[in-house]
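Structure, as structure tokens:
The values are calculated or read from the model by the stated rules, or taken from the named source; none is laboratory data. Remember, predicted model here, so these are calculated numbers, not experimental data. Cβ sites come from the backbone with ideal geometry, for glycine too, and all protein chains shown count toward neighbours.
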């Protein structure tokens with residue numbers, strides 16, 4: 001249960017800032033493809049990190065990859 005709480009907390013800490021940064025990027029007229037790539041990168045990173053942190057035998061490869069993206 002604590003792992004799930006931590007995964008959710010991590011998501012709640014990082015995603016709002018990323019969404020705001022995407023909003024600023026789009027409001028400045030950045031190419032749509034760039035916005036999509038960065039948004040997908042955020043989604044993929046958060047999914048990998050959540051998967052890595054919620055495993056009983058933590059696989060740090062997923063956590064690190066998720067944090068770096």
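For the reader, a short list of remarks on this structure follows.
- Selected residue (criterion: farthest from the chain's Cα centre (by Cα)) from residues of the range 40-58 that are farther than 14 Å from residue 7 by Cβ and in a helix (DSSP H, G or I): 40
- Residue 10 being within 11 Å of the chain's Cα centre (by Cα), surrounded by 15 or more Cβ atoms within 10 Å (Cβ to Cβ) and modelled with pLDDT of 80 or more: no
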